[in-house]
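Note sheet for the following structure.
The values are calculated or read from the model by the stated rules, or taken from the named source; none is laboratory data. Please read all numbers here as calculations on a predicted model, not as lab measurements. Reconstructed Cβ throughout: ideal geometry from the backbone, glycine too, with neighbour counts over all protein chains shown.
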Amino acid sequence: MDARLAEVRRAFSHHRQRARRILLRLRRAGRDLEHLTESDLAEDPRSGFTDQNHVGSRELTLALGERAGIRRGMRVLDSCCGIGGTARVLADSFGCHAVGIEITPARCRDAVALSRRVGLGGDVGVVLGDACALPFAGEIFDAVVSQSAWSHVTDKRRLLLETARVLRRSGVLAFEDAVRGPRAGSHEEALNGLSRYWCFSLETAAAWREHVSAASLRVEAIDDLTNELQREARRTLQTVRVPNRDTSRIQRSHWTEVLRLVEAGALGYLRVVARRG
């Protein structure tokens, strides 16, 4: 495992969004933990502490599924799936069979446990592995999706080549992520600070288009979702209000910087939809 991958794995091994904390939130709210649904895990208007560890929460996952044309019976790969939130929403709402791949063992275990908890153990599988070296045969997935995850991957070309390899002919790729905005060059120090904190390797929209095309995938649409990132930053800043906790102060500081960079045109968010032709 290279140093960069080890750094990402180490960072996410201690991520604050874990199955234990999500279930604790539900128990405190008086929910019966033996009779939970996917939406119980995915929605929490008070604190936003859910299994949806990406911009836009469950609402944007549903929009991604619609945009990608996910439907019943399809086999879908959730690349860099974290604790499986995206995969569960797609399986539950669209009737597909979702498989997640995740590099961090603890997050794989959480993904499996949460899927079983809401009765989706048979519809959502989770595999420990590297999205740049997928442990799957070629042409077995109808769709590959990813949300707020590929910005942590350094080798985008290899990532896209592996993604294209496992897609069936006419299969669809749909992913969303943070990107460098048109004024990024004027804010390099701030962007580098965020990149160190979140293990980012940010690209421009144009660079993503090149990477996708180089993998012999035909770009069908690039949607600007920067407003969703701006809304996510504001929502997070409203919920992180505990002034005497170091983690909250740090989180608030970084999300304040995200909001500033978005408003300055230095940071954006996009959705890419492409197809294997």
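Of note:
- Among the residues of segment 64-90, just one is free of Cβ contacts under 8 Å to residues at least 40 places away in the same chain and among the hydrophobic types (A, V, I, L, M, F, W, C), namely Ala87.
- Flag: Ala174 matches the condition of being part of a strand (DSSP E or B) and surrounded by 14 or more Cβ atoms within 10 Å (Cβ to Cβ).
- Residue pairs meeting the criteria (Cβ under 8 Å; at least 6 apart or on separate chains; first in a loop (DSSP other than H, G, I, E, B), in segment 17-29; second of a type in the set (Asp, Glu) and at pLDDT 90 or above): Gln17/Asp51; Arg18/Asp110
- Flag if Ser39 is exposed (fewer than 13 other Cβ atoms within 10 Å of the Cβ) and either assigned to a helix (DSSP H, G or I) or modelled with pLDDT under 90 (or both): no
- Search result, residues across segment 114-133 that are over 13 Å from Gly82 (Cβ atoms) and buried (at least 16 other Cβ atoms within 10 Å of the Cβ): Arg117, Val118, Leu120, Asp123, Gly125, Asp130, Cys132
- Scanning segment 134-152 for residues that are surrounded by 23 or more Cβ atoms within 10 Å (Cβ to Cβ) and in a strand (DSSP E or B) yields Phe141, Ala143, Val144, Val145, Ser146, Gln147.
- Here Arg72 qualifies as touching a helix residue (DSSP H, G or I) at 6+ places or on another chain (Cβ under 9 Å) and not polar (S, T, N, Q).
- Whichever residue in segment 68-89 is under 13 Å from the mean Cα position of the chain (by Cα) and outside any loop (DSSP other than H, G, I, E, B) and, among such residues, is nearest to Asp155 (Cα to Cα): Ser79
- Residue pairs whose Cβ atoms lie under 8 Å apart, separated by 6 or more positions or on different chains, with the first residue in segment 205-228 and touching a residue at least 40 places away in the same chain (Cβ under 8 Å) and more than 12 Å from Val273 (Cα to Cα) and the second of a type in the set (S, T, N, Q) and surrounded by 20 or more Cβ atoms within 10 Å (Cβ to Cβ), are Ala215/Thr163.
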